[in-house]
Amino acid sequence: MPLLEYLANGLIFSSIIVLGSIGLSLVYSIADFANFAHGDTMTIGAYTALLTFGAVGGLGGAVLGLPYGFFVALLAGIAVAALVAVVTERIVYKPMDVGSIGMLITSIGIAFIYRAIIQLRFGADFTRYDVQTLRPIEWLVQYDIRITEHDVAIVLSAAILVTGLHLLLQYTDLGRKMRAMADNPELARVSGIRTERVKLWTWVIGAGLAGSGGVFLGLFNQLRPRMGFSLLLLIFAAVILGGIGSVYGAMLGGFLIGMIHELMPILTDYGIPIGTEYAEAVVFVIMVVVLLVRPNGIMGEAT
């Protein structure tokens, strides 16, 4: 497989990692704990889209090979993932009077609960969205790039969502409040910011982005109950590499982690006996090396 195709696959995979990383970083920076249920929130979004697409799949025409019903299913996946996260935060996380470690352990338990419910409903086997399998885009094949219109849809949709988040953070009142809370929650509180409302929107946005990442992950590969959990360590690596608590660092970290992961086969092509099965290990080695040089991550601020 030529270098350009590795890079194209890396861009697609990075788009999914970035969506998951941003949501995790948002929740960490404002809710102040590492949410290990984040990966399974992605799974919730994917399976919600599966159910919704089964109901409205034939709706209207198509964009980039995807029926309009798929984008309705995407919105449903985003909405349900956000709703489940908010309900969990209100019923479980908010009433708990424990530190960040206790919250982390609780979130691991919540992840098991999410996964068990999904497995009870759908089983443990792989499944797919009922979308037509496409041939690679013909004019790109001459450049040895074999991607489909579905892959282009993933990248463009992720770019739209990330751009929307950037505009929200930089140019809206909610975005300014979120940045203020991330910088100094106590100062934000005494300044009159309704911190509970900001936390609520943080969960909505973070989980919604995770849900969208899960939908695209299911389109890129397959759906299974462990799909989000299997991606969780890479998402954590992206957040840590970019700088914990930095949304833009999470974007950069997600892009780098995704590209490194998908570029691994190039080592085998050059005679280095490290195959794709070692991709996660190599990703974490690179993360550790970067942290030895920059302990706060690439874009993290010193504390």
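The values are calculated or read from the model by the stated rules, or taken from the named source; none is laboratory data. Small disclaimer: the values here were computed from a predicted structure and weren't measured. Don't worry about glycine lacking a Cβ; one is built from the backbone with ideal geometry, like all the others, and counts go over all protein chains shown. For the accessible areas, the whole protein counts, side chains as well, though only heavy atoms, and no ligand, DNA or RNA atoms are used. Shrake-Rupley method; radii C 1.70, N 1.55, O 1.52, S 1.80 Å.
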Count of segment 123-159 residues which are farther than 21 Å from Leu3 by Cα, among the hydrophobic types (A, V, I, L, M, F, W, C) and part of a helix (DSSP H, G or I)
4
Top-ranked residue of segment 93-123 - restricted to ones that are of a type in the set (A, V, I, L, M) and more than 22 Å from the chain's Cα centre (by Cα), ranked as most open to solvent (accessible area, probe 1.4 Å):
Leu120
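Take Gly213 and decide whether it is of a type outside the set (A, V, I, L, M), crowded, with 22+ Cβ neighbours inside 10 Å and outside any helix (DSSP H, G or I). Lay out the reasoning, then the answer.
On the way: of a type outside the set (A, V, I, L, M): yes; crowded, with 22+ Cβ neighbours inside 10 Å: yes; outside any helix (DSSP H, G or I): no.
No.
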Residues that are open to solvent by 40 Å² or more (accessible area, probe 1.4 Å), free of Cβ contacts under 8 Å to residues at least 24 places away in the same chain and of a type in the set (Gly, Ala, Ser), drawn from segment 36-92
Ala55, Gly58, Gly60, Ala62
Ile193 meets each of (1) farther than 22 Å from Gly211 by Cα; (2) open to solvent by less than 60 Å² (accessible area, probe 1.4 Å); (3) assigned to a helix (DSSP H, G or I) with one exception, condition (3)
Going by the structure shown, is Asp183 open to solvent by 100 Å² or more (accessible area, probe 1.4 Å), modelled with pLDDT under 90 and under 19 Å from Phe33 (Cα atoms)?
yes
Does Met259 meet the test of being open to solvent by less than 40 Å² (accessible area, probe 1.4 Å), of a type in the set (A, V, I, L, M) and more than 12 Å from Gly20 (Cβ to Cβ)?
yes
Are any residues in segment 240-256 farther than 22 Å from Thr276 by Cβ and open to solvent by less than 10 Å² (accessible area, probe 1.4 Å), and if so, which ones?
Gly242, Gly243, Gly249, Ala250
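Being surrounded by fewer than 11 Cβ atoms within 10 Å (Cβ to Cβ) and either modelled with pLDDT of 85 or more or farther than 19 Å from Val27 by Cα (or both): is that true of Val155 here?
On the way: surrounded by fewer than 11 Cβ atoms within 10 Å (Cβ to Cβ): no; either modelled with pLDDT of 85 or more or farther than 19 Å from Val27 by Cα (or both): yes.
Answer is no for this residue.
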Any chance you could count how many residues in segment 4-25 are at pLDDT below 90 and either crowded, with 21+ Cβ neighbours inside 10 Å or more than 17 Å from Asp151 (Cβ to Cβ) (or both)?
1
Could you list, in sequence order, the residues of segment 127-142 that are surrounded by 12 or more Cβ atoms within 10 Å (Cβ to Cβ) and not aliphatic (A, V, I, L, M)?
Thr127, Arg128, Tyr129, Asp130, Pro136
